[in-house]
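Chemist: Before anything else, here's the structure in question.
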Amino acid sequence: MINPQQAIMYKSAIGSFFTWWLSELQQIFSATLSFGKSEIAEFRLDSAGEVHLAAEFDSGKTNKRLIKIEIPEINIMQRVIRLPGTAAGEAGRVIEFEFEKYFPIPFKDVMCVHEVLPAADHDSIEIKIRAIRKSLLAPVLRTIEEQYSLRPVELQITANGDSFTLRPGNTAAGRTARVDKNRSNWPVTILLPGLLLPAAYIPLYKLDLYRQQVNAGIGDLTTRVKDTIALRNKILEIEQNLHRVTEEKNNKPQFNRIWSAITEVMTGNGMLSSIRMHGDRVTIEGKAVSVEKVVKALEKNALFYKISIDAPVKSLEQGKFESMLVTFMVKQNGKN
């Protein structure tokens, strides 16, 4: 049984997925219809409301779907609001219903866009709202259409370094601009049937690529975790061996001189990972700069005899050390 909280989360997730899907389709169509037209017409709106061309452009090479307009910052209404985290998928509708709570103008009289900001917690979200009066933009768009034959569906608004995109007729809920049926739009009519299937497939393809990247990341992380666990186990094993050796040293007074002698031999020659003692027989294991040198040092000590290497010597850490497994006998009371 799905509780109301889960239902809201599922609805939000589904809404976000379809919003992303539609944005992918829009990017594909926009790129196709504007193919080869990389120039963007730029305009500037002065404080008196007059429109000026910021730079000359070639109408044959200009993207007619998108224009840039620089607007005085004073004409842009903006505010950051905080909403509950569960409202993420319905942020647009919430802004539409409560718009007059934040701005002194009806929602129907503005062109509005919102952006969800990174939040410090999961219980709430911060949303930045930007809005411009339709009464300001309408004559600007009309002038641009009459004088420059441009009728864009996207406006890139800039003001004092800040930039955002509006679509004429948009609301905070994300509804798209209305299409004028009297205006010919033959590229869509011709290309839409051929683009429909690949356009629907590309978002799925990108989603699959993302899934593969996630799986690769999980595999890499698993490998690293295995190496870390192996290292941790090795450290624990060494700690246990050292603890056992320390206990034997404390419990058996005769072990003190053996431990001291082995420590003297290994100082500067290598590192021990374990010491095992069975009666008079002692086995040491670890790594040494030179196993042969360790054996000679043991032979010089009058306490040890019958010294032997019990495993093949292997190079470790790019030749810095050699693997060591050495067994020897301990003289008792100076006798062997």
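Chemist: Over all Cα pairs of the range 61-131, how is the pair count split among 10 Å bins, expressed in % and running from 0 up to the last occupied bin?
Modeler: For the range 61-131, the binned pair fractions read 17, 44, 27, 11, 2 percent.
Chemist: Would you mind calculating the gained length between GLU50 and LYS306 on full extension (0.36 nm times residue separation, minus the Cα-Cα distance), in nm to one decimal?
Modeler: Stretched out fully, the GLU50 to LYS306 stretch lengthens by 81.9 nm.
Chemist: Could I ask something else about it? State, to one decimal in nm, how far the label point of GLU126 lies from the label point of ILE74, with both points 7 Å from Cα in the Cβ direction.
Modeler: Label at GLU126, label at ILE74, 2.8 nm between them.
Chemist: At what distance in nm do the modelled label points of GLU292 and ARG65 sit from each other, each positioned 7 Å from its Cα along Cα→Cβ?
Modeler: My value for the distance between the label points is 7.6 nm.
Chemist: How far, in nm, would the chain grow between LYS101 and ALA119 when pulled straight, counting 0.36 nm per residue and subtracting the alpha carbon separation?
Modeler: On the way: separation 18, 0.36 × 18 = 6.48 nm, distance 2.22 nm.
Here the segment from LYS101 to ALA119 would lengthen by 4.3 nm.
Chemist: At 7 Å along the Cα-to-beta-carbon direction for both THR222 and SER273, put a label point, then send me their distance in nm to one decimal.
Modeler: 2.6
Chemist: With every protein chain kept in place and ligands, DNA and RNA left out, what is the accessible area per residue of the range 84-150? Probe 1.4 Å, answer in Å².
Modeler: On a per-residue basis, the range 84-150 sits at 56 Å².
The values are calculated or read from the model by the stated rules, or taken from the named source; none is laboratory data. Keep in mind the model is a prediction, meaning the values are calculated, not measured. In this analysis, Cβ positions are derived from the backbone assuming ideal geometry, glycine residues included, and neighbour counts consider all displayed protein chains. Please note that ligands, DNA and RNA were not included when accessible areas were found on the heavy atoms of the full protein model with its side chains. Shrake-Rupley method; radii C 1.70, N 1.55, O 1.52, S 1.80 Å.
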